[in-house]
Amino acid sequence: FDAMAACTSCGNPLAEGARFCPNCGAPVSAAPEERERKVATVVFADLVGSTKMAGDLDPERTRALLERFYDAMAAEIDAAGGTLEKFAGDAVMAVFGAPASLEDHAERALHAAIAMRQRLEQLFGGRLELRTGVNTGEVVVGAPREGSSFVTGDPVNVAARLEQGAEPGEILVGERTVAAARGAFEFTDQRTIEAKGKPDGVDARSLVRAVSLTRPRGIGGLRR
């Protein structure tokens, strides 16, 4: 006889023709969560000076300031073809090369980091600065869920460590990103920063400038 179908979420047996699981309520048509591995570039950036500014402003003005920051950063990330992963307090995380694949994800991420820094200067005139970490590596890409990351893996953690190790206004870049974008950008000499969980630290270089003034826009794979 035919085996009874089971819920893909909880494993509960399902009656023939059932549209929802009687145990957990999941739609019967729902497939198990798909996860894949991709090489992508992660950008972490956070505001320096926002705590002091928030102390000088009332909560409404602080919220309005952060909303301007979020909107501006999201616009620059989108313009470079990246995906806004999440905002957390006064920090931003973006991914280039996932979920949509991009051959030039490292270059796009670096162009976005520069544009984000410039946009912040235009908005706040030096009252606030960005610390930024950029790192490339193999990440695990899952289904987007509200309140959680859809991209995970060691490259994400390293990008966060680079952001924490950056000076105000600095874009600190991992060596794999540097190798992928070499020729299109100028970097300082290598230095090693301390990083939790990395006994030997993390090698990185500070981004000086883009050699080309142009930057990629939109989704990759559509160029003529």
With respect to Pro27, is the statement that it is modelled with pLDDT of 75 or more and either at positive phi or out of contact with any Pro (no Cβ under 6 Å at 6 or more places or on another chain) (or both) true? no
Is it the case that some residue within region 153-176 is modelled with pLDDT under 95, over 20 Å from the mean Cα position of the chain (by Cα) and not hydroxyl-bearing (Ser, Thr, Tyr)? no
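The values are calculated or read from the model by the stated rules, or taken from the named source; none is laboratory data. No experiment lies behind these values; they were computed from the predicted model shown. When we count neighbours, we look across all protein chains shown, and the Cβ atoms used for this are built from the backbone with ideal geometry, even at glycine.
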